[in-house]
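Peer 1: Sharing a structure, written as structure tokens. Questions coming.
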Amino acid sequence: MPRKHPQDRAAVRLLAQLINANWGDSTTQEWLLESLGHILGVEASLLLLLSEDGHKLVIKDCLNGKSLHQYQMQFDGEGGWIEACLHNKEPQCWNTPFALPQMGILGQSLGQPVSSLICAPLLVEDQTLGVLAALNKSQGDFNAHDLELLEHIASGIAHVVHNMRLIQQLKVANADLEVSHWQLLRSRNTLRALFDSLPASIYIIDPKFTLMAVNMYRANQINLPPNRLVGQRCYEVLYQKDDICADCRVLETLREGKTTTRSKRQWNGEDDAQEWEISSFPIYDDQNQVIQAILLEQDVTEKRRLEATLAQSEKLAAVGQLAAGIAHEINNPLTAIIANAQLLQREIQPEDERQELVDLILRAGNRASQVVRNLLDLVRKEQYEFTLTDINETIRQALTFLQHEFITHSVRLVFEAAPDLPRVMASQDHLQGVWLNLITNALDALESGPNEIRITTRQHGNEVRVTVADTGKGIPPERLSRIFEPFYTTKAPGRGTGLGLSVCHRVIKQHGGRILVNSQINVGTQFTVILPIPQ
């Protein structure tokens with residue numbers, strides 16, 4: 001386009017100013033149409049913009065450069081010259097008068113005759129945004145140069161409008177992205193707070209056992225922040241091992257996608273054990289392949305203790321119903337047997353060989369009577385007389401009854417009594433019965449060879465702990481969980497009734513304490529009685 005022509009220079013200035021104009025301001029459209037009217041020398045200039053959805057047409061026209069009228073109406077795409085320009089996407093020129101109906105949608109906004117018309121589509125990348133039109137040339141007819149100028153100006157307007165819309169879309173997209181960012185950030189913070197606040201150990205590993213995330217509860221167990229743990233092998237930093245834990249089942253989760261659960265016992269001292277339940281869950285990717293695993297470690301020590309207590313209570317209730325029904329039926333014949341055996345013992349001379357038989361009857365009757373008493377003691381609610389009691393003294397009194405047994409069995413007894421041991425509220429007679437039972441069981445567990453029974457007392461926080469340990473044959477693991485059940489015994493037939501430990505368990509429970517047991521085959525067994533110190 002030659003720059004020497006006044007129209008060309010004016011058009012160039014218009015396009016240059018249009019690039020920096022604020023298209024969102026209505027004065028910009030008015031300035032544009034007024035400038036176009038001056039450049040082409042026309043009575044009216046019109047800018048028709050299709051809405052972005054393509055369903056409505058906004059018409060802006062400036063008549064005689066004095067007033068700007070804006071119209072918005074439904075566009076059906078048919079019926080007039082302007083619609084033909086939009087449809088064909090080519091500039092049009094008419095220099096002959098025609099009726100307003102031939103103008104189509106443009107004619108609806110004009111109140112004056114049309115003697116000549118040129119229009120050009122607003123095209124960007126083959127997309128039609130609208131039409132730029134000039135009407136009624138003041139001098140002469142529209143020529144090819146006028147149409148070329150209009151086409152160049154329409155192209156500039158199209159790019160400005162297109163860029164404006166892109167910028168607006170970008171702003172909307174950025175706003176949506178910002179909202180999504182904050183929503184994700186809030187969701188992440190919520191999940192992280194939940195992850196760290198759960199009272200259980202949770203961590204995530206990949207197939208190489210590398211820690212991907214660790215919650216605060218698990219990190220606090222080894223006194224390290226979570227960010228120091230991420231990226232390290234779980235078995236190295238959490239369990240201080242050189243290889244995968246022997247009983248770990250997470251490989252089943254990583255390889256087969258299985259959910260697994262296992263139990264683990266952790267000793268925090270000689271007689272303080274924690275029970276853990278460790279579960280693993282798979283994490284899948286978009287192809288349904290396992291890429292990570294979540295491990296959940298829960299301390300179930302109290303849960304196991306409550307379950308055992310509940311089971312014990314249910315068993316004691318059943319034994320109580322049985323004992324109430326048969327105790328008197330057994331005691332009556334036993335009384336007759338023992339009384340008559342005592343009469344025979346007085347009448348028979350000491351040197352008579354039948355005296356041994358009578359003694360056997362008496363011992364058997366007394367033993368049966370003791371079994372019945374133990375059974376009744378197990379289930380009935382006895383009246384305990386609690387007083388401040390010296391635990392060491394109750395153990396010494398119990399040992400005086402068993403001195404002969406230690407000598408007979410050639411057992412080394414070690415009693416390590418803690419000095420200044422706090423007194424506890426207890427029933428002395430009942431506690432002596434507990435010590436006698438535990439020590440007797442320890443003697444029965446010993447086999448041939450040098451043996452030892454070690455009794456220790458000590459203070460542990462707000463508790464007094466009494467440990468009775470032997471070097472006997474031990475209790476098989478499958479039987480260890482049942483030793484406090486009524487009538488259950490690990491002794492040979494005829495050597496135990498299965499009521500001793502049940503009675504001990506009930507007595508210690510009445511004192512607000514508990515009994516722990518740890519046993520290993522061919523190493524020995526250790527019972528720990530824990531009693532609270534009054535505050």
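Peer 1: Quick one: which residue in Leu177, Leu194, Leu184 is closer than 21 Å to Gln292 by Cβ, modelled with pLDDT of 85 or more, open to solvent by 90 Å² or more (accessible area, probe 1.4 Å) and outside any strand (DSSP E or B)?
Peer 2: Only one candidate qualifies: Leu184.
Peer 1: Being in a loop (DSSP other than H, G, I, E, B), out of contact with any Pro (no Cβ under 9 Å at 6 or more places or on another chain) and surrounded by fewer than 16 Cβ atoms within 10 Å (Cβ to Cβ) is the filter here; which residues of the stretch 109-157 pass it?
Peer 2: Hits for the stretch 109-157 are Gly111, Gln112, Glu125, Asp126, Ser138, Gln139, Gly140, Asp141, Asn143.
Peer 1: Given the conditions (1) open to solvent by 50 Å² or more (accessible area, probe 1.4 Å); (2) within 19 Å of Val42 (Cβ to Cβ); (3) at pLDDT 75 or above, report the number of the one that Pro91 does not fulfil.
Peer 2: (1)
Peer 1: Considering only the stretch 332-375, state which residues are in contact with a Ser or Thr (Cβ under 6 Å, 6 or more places away or on another chain) and at pLDDT 75 or above.
Peer 2: Matches in the stretch 332-375: Leu334 only.
Peer 1: Please work out which one of (1) buried (at least 16 other Cβ atoms within 10 Å of the Cβ); (2) part of a strand (DSSP E or B) is the condition Gln274 fails and give its number.
Peer 2: All conditions pass for Gln274, except number (1).
Peer 1: Further question: Does Gly80 meet the test of being in contact with a strand residue (DSSP E or B) (Cβ under 7 Å, 6 or more places away or on another chain), at pLDDT 65 or above and either within 20 Å of Phe142 (Cα to Cα) or open to solvent by 60 Å² or more (accessible area, probe 1.4 Å) (or both)? Full working, then the answer.
Peer 2: Working: in contact with a strand residue (DSSP E or B) (Cβ under 7 Å, 6 or more places away or on another chain): no; at pLDDT 65 or above: yes; either within 20 Å of Phe142 (Cα to Cα) or open to solvent by 60 Å² or more (accessible area, probe 1.4 Å) (or both): yes.
No.
Peer 1: Also, I was wondering about something else. Can you confirm whether the stretch 267-277 contains a residue that is over 29 Å from Pro477 (Cβ atoms) and among the aromatic types (Phe, Trp, Tyr)?
Peer 2: No, the conditions are met nowhere in the stretch 267-277.
Peer 1: Can you tell me which residue in the stretch 428-442 is farthest from Ile395 (Cα to Cα), limited to those that are open to solvent by 10 Å² or more (accessible area, probe 1.4 Å) and touching a strand residue (DSSP E or B) at 6+ places or on another chain (Cβ under 9 Å)? Before you say what the answer is, go through the steps one by one.
Peer 2: So the first thing to find is which residues in the stretch 428-442 are open to solvent by 10 Å² or more (accessible area, probe 1.4 Å), and the list is 428-430, 432-433, 436-437, 440-441.
Next, from what is left, pick out any that are touching a strand residue (DSSP E or B) at 6+ places or on another chain (Cβ under 9 Å): 428, 441.
Details: Gln428: 10, Asn441: 15 Å.
For the stretch 428-442, the residue satisfying everything is Asn441.
Peer 1: Yes or no: Ala318 modelled with pLDDT under 70, assigned to a helix (DSSP H, G or I) and open to solvent by 40 Å² or more (accessible area, probe 1.4 Å)?
Peer 2: Details: modelled with pLDDT under 70: yes; assigned to a helix (DSSP H, G or I): yes; open to solvent by 40 Å² or more (accessible area, probe 1.4 Å): yes.
Yes.
Peer 1: On to the next question. Kindly list, by first and then second residue, each pair from a residue in the stretch 200-219 that is farther than 19 Å from Arg249 by Cβ and hydroxyl-bearing (Ser, Thr, Tyr) to a residue that is buried (at least 21 other Cβ atoms within 10 Å of the Cβ) and at pLDDT below 90, limited to pairs with Cβ atoms under 6 Å and residues at least 6 apart or on different chains.
Peer 2: Tyr217/Ser201
Peer 1: Starting from residues that are farther than 21 Å from Trp267 by Cβ and open to solvent by 50 Å² or more (accessible area, probe 1.4 Å), keep the ones in the stretch 206-223 and report whichever is farthest from the chain's Cα centre (by Cα). Talk me through it step by step, then tell me what you get.
Peer 2: Here is the first cut: in the stretch 206-223, the residues farther than 21 Å from Trp267 by Cβ are 206-216, 219.
Cutting the leftovers down to open to solvent by 50 Å² or more (accessible area, probe 1.4 Å) gives us 207-208, 212, 216.
Details: Pro207: 20, Lys208: 22, Met212: 15, Met216: 12 Å.
Among those residues, the one meeting the criterion is Lys208.
Peer 1: Quick test of your reading of the structure: Gln266 fulfils all but one of (1) modelled with pLDDT of 80 or more; (2) under 30 Å from Met216 (Cα atoms). Name the failing condition by number.
Peer 2: Condition (1) is where Gln266 drops out.
Peer 1: Of (1) part of a helix (DSSP H, G or I); (2) open to solvent by less than 40 Å² (accessible area, probe 1.4 Å), Arg228 satisfies all except one. Which?
Peer 2: (2)
Peer 1: So Asp420 fits all but one of (1) open to solvent by 90 Å² or more (accessible area, probe 1.4 Å); (2) at pLDDT 75 or above; (3) more than 26 Å from Phe484 (Cα to Cα); (4) not in a loop (DSSP other than H, G, I, E, B); what number is the exception?
Peer 2: The number of the failed condition is (4).
Peer 1: Something else about it: Taking the residues in the stretch 458-507 that are of a type in the set (Gly, Ala, Ser) and in a helix (DSSP H, G or I) as candidates, determine which candidate is modelled with the lowest pLDDT.
Peer 2: Selected residue: Gly500.
Peer 1: Looking at Tyr217, Tyr203 in this structure, which one is outside any helix (DSSP H, G or I) and hydroxyl-bearing (Ser, Thr, Tyr)? Give the steps one after another, and end with the answer.
Peer 2: On the way: Tyr217 fails: outside any helix (DSSP H, G or I).
Checking each option against the conditions leaves just Tyr203.
Peer 1: Does Thr253 satisfy the criteria of being open to solvent by 80 Å² or more (accessible area, probe 1.4 Å) and either without any contact (Cβ under 8 Å) to a residue 40 or more places away in the chain or in a helix (DSSP H, G or I) (or both)? Please lay out each step first, then the result.
Peer 2: Working: open to solvent by 80 Å² or more (accessible area, probe 1.4 Å): no; either without any contact (Cβ under 8 Å) to a residue 40 or more places away in the chain or in a helix (DSSP H, G or I) (or both): yes.
For Thr253, the condition - open to solvent by 80 Å² or more (accessible area, probe 1.4 Å) and either without any contact (Cβ under 8 Å) to a residue 40 or more places away in the chain or in a helix (DSSP H, G or I) (or both) - is not met.
Peer 1: A further question follows. Among the numbered criteria (1) touching a residue at least 12 places away in the same chain (Cβ under 8 Å); (2) loosely packed, with under 14 Cβ neighbours inside 10 Å; (3) among the aromatic types (Phe, Trp, Tyr), which single criterion is violated by Tyr239?
Peer 2: It fails just one condition, (1).
Peer 1: Quick one: Val523 ticks every box in (1) open to solvent by 40 Å² or more (accessible area, probe 1.4 Å); (2) modelled with pLDDT under 75 bar one, so which box is it?
Peer 2: (2)
The values are calculated or read from the model by the stated rules, or taken from the named source; none is laboratory data. This structure is a prediction, so every number in the text was calculated from the model and none was measured. Here Cβ is always computed from backbone atoms with ideal geometry, including for glycine, and neighbour counts include all displayed protein chains. Accessible surface areas use protein heavy atoms only, side chains included; no ligands, DNA or RNA. Shrake-Rupley method; radii C 1.70, N 1.55, O 1.52, S 1.80 Å.
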